[in-house]
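Participant: Take a look at the following structure, please.
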Amino acid sequence: QVQLVESGGGLVQAGGSLRLSCVASGRTFGSYAMGWFRQAPGKEREFVAAINWSGGTTYYADSVKGRFTISRDNAKNTVYLQMNSLKPEDTAVYYCAGRPRSDIATIPQRFDSWGQGTQVTISS
């Protein structure tokens, strides 16, 4: 496993932008596929975006496609989530997740490392 620490959450108005970062500890980050999930109060954790080990393959939930961009910098052990055109329904705790496989996944059970989460709140 790797240890993951998210940052970058906050309160912004609808239409605004935020960039989340997730820093991983350990030397194996480069071999991990990474993902972002979110969980709103009273709702299940849902998939947001994923990226493979090299950054060459990405995948997005339909609800964020065209607005969010996932990327990674393996030299910095960091994965990012750039969020633009934010909507009130994007309000949630956002979690970074990692899995020791090269290919991406979209369900939480496929990931074995999780961060503590960062709160994102979008006001209307």
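Participant: May I ask you to list the residues in the stretch 20-53 that are of a type outside the set (G, A, S), over 16 Å from G117 (Cβ atoms) and in a strand (DSSP E or B)?
Facilitator: I51
Participant: What are the residue pairs meeting all of these: first residue in the stretch 8-32, first residue more than 13 Å from T121 (Cβ to Cβ) and open to solvent by less than 40 Å² (accessible area, probe 1.4 Å), second residue among the charged types (D, E, K, R) and assigned to a loop (DSSP other than H, G, I, E, B), Cβ atoms under 9 Å, and 6 or more apart or on different chains?
Facilitator: Y32/R101
Participant: Read through the list (1) over 15 Å from the mean Cα position of the chain (by Cα); (2) more than 17 Å from G16 (Cα to Cα); (3) open to solvent by less than 60 Å² (accessible area, probe 1.4 Å), then give the number of the only condition that P88 fails.
Facilitator: For P88, the exception is condition (2).
Participant: When you check F29 against the structure, is it of a type in the set (F, W, Y), within 13 Å of R99 (Cβ to Cβ) and touching a Ser or Thr at 6+ places or on another chain (Cβ under 6 Å), yes or no?
Facilitator: Taking the combined requirement at face value, the residue does not satisfy it.
Participant: OK, next. Is the stretch 100-114 home to any residue that is buried (at least 22 other Cβ atoms within 10 Å of the Cβ) and under 11 Å from the mean Cα position of the chain (by Cα)?
Facilitator: no
Participant: To continue, here is another question. Does any residue of the stretch 61-75 turn out to be in contact with a Pro (Cβ under 9 Å, 6 or more places away or on another chain) and over 14 Å from Y95 (Cβ atoms)?
Facilitator: For the stretch 61-75, residues in contact with a Pro (Cβ under 9 Å, 6 or more places away or on another chain) and over 14 Å from Y95 (Cβ atoms): absent.
The values are calculated or read from the model by the stated rules, or taken from the named source; none is laboratory data. Bear in mind that the values here come from a model prediction, so they are computed numbers and not experimental data. Counting neighbours? That spans all protein chains shown, and the Cβs are built from the backbone with ideal geometry, glycine included. We work out accessible area using only protein heavy atoms, side chains counted, and drop any ligands, DNA or RNA first. Shrake-Rupley method; radii C 1.70, N 1.55, O 1.52, S 1.80 Å.
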